[in-house]
Amino acid sequence: MKLIVATQNLGKFKEIKETLEPLFRCEIPSLELDVVESGQTYQQNAQLKAEAYLKLSGSAVLCDDSGLEIDAMPGELGVQSARWGGNLDYPNRFQLLQKRLENAKRPWTARFRCVLCLLLPNASPRFFEGSVEGELVFPPKGNHGFGYDPIFFYPPLGKTFAEMSESEKAQVSHRGKALSLLCLWAQNPS
């Protein structure tokens, strides 16, 4: 089955495609829609994007909304993670986060959360959620991944997400967990 993975983030697309390729023929949309993520939750934002891309393509669509949640900064990033800090690039966002956290109690606990919305034509949306607990570290470490990966430290492996191989990250990440749930459902949809 053809599946439009509605993202322009090539890192996300690669992660999703590698996991779902045995079940779906994943494609990135040929046209980028400017969908306003006006939802208050990851689920609402993922569904908004999925509905827009389904209307455009008529094909099955998978959208995700994900974010970084920092315990010392409740409600500040989350669904706004990609827009937090305005037009700052990630190195400058990391500096701003470090400055904001300098007086907060350590360790700086955090989690990544991901909600996937699978929308098939003429069907209700299906949601799959994953999260992973970790800590923030500065300076950033690692050259892999994208977004906040270089500052998200995963204690069980003793590495940031940006220091992990793709297969390591797929096993433990928020998106990897949500994709695993989607794969389980796809093998026995109900």
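Here are the numbers for this structure:
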item	result
Breaking point among (1) out of contact with any Leu (no Cβ under 7 Å at 6 or more places or on another chain); (2) more than 21 Å from Pro74 (Cβ to Cβ), for Gln98	(2)
Contacts under 8 angstrom Cβ, first residue in the range 24-35 being free of Cβ contacts under 8 Å to residues at least 60 places away in the same chain and over 19 Å from Gln47 (Cβ atoms), partner of a type in the set (S, T, N, Q) and assigned to a loop (DSSP other than H, G, I, E, B), 6 or more apart	Ile28/Thr7; Ile28/Gln8
Pick from the range 93-142, criterion of a type in the set (Phe, Trp, Tyr) and not in a helix (DSSP H, G or I), ranking: nearest to Ile70 (Cα to Cα)	Trp108
Pick from the range 77-92, criterion over 16 Å from Thr41 (Cβ atoms) and in a helix (DSSP H, G or I), ranking: farthest from the chain's Cα centre (by Cα)	Asn92
Extreme residue, nearest to Cys26 (Cα to Cα), among residues of the range 143-185 that are aliphatic (A, V, I, L, M), out of contact with any helix residue (DSSP H, G or I) (no Cβ under 6 Å at 6 or more places or on another chain) and part of a helix (DSSP H, G or I)	Leu182
Selection count where residues are touching a Ser or Thr at 6+ places or on another chain (Cβ under 8 Å), within 21 Å of Tyr42 (Cα to Cα), surrounded by fewer than 17 Cβ atoms within 10 Å (Cβ to Cβ) and not acidic (Asp, Glu), scope the range 129-175	0
Filter pass, Pro121 being under 20 Å from the mean Cα position of the chain (by Cα) and over 17 Å from Lys177 (Cβ atoms)	no
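Every number here is computed from the coordinates shown, using simple stated rules; none is lab data. These numbers come from a predicted model, not from an experiment. Every residue, glycine among them, receives a Cβ derived from its backbone with ideal geometry; neighbour counts consider all protein chains shown.
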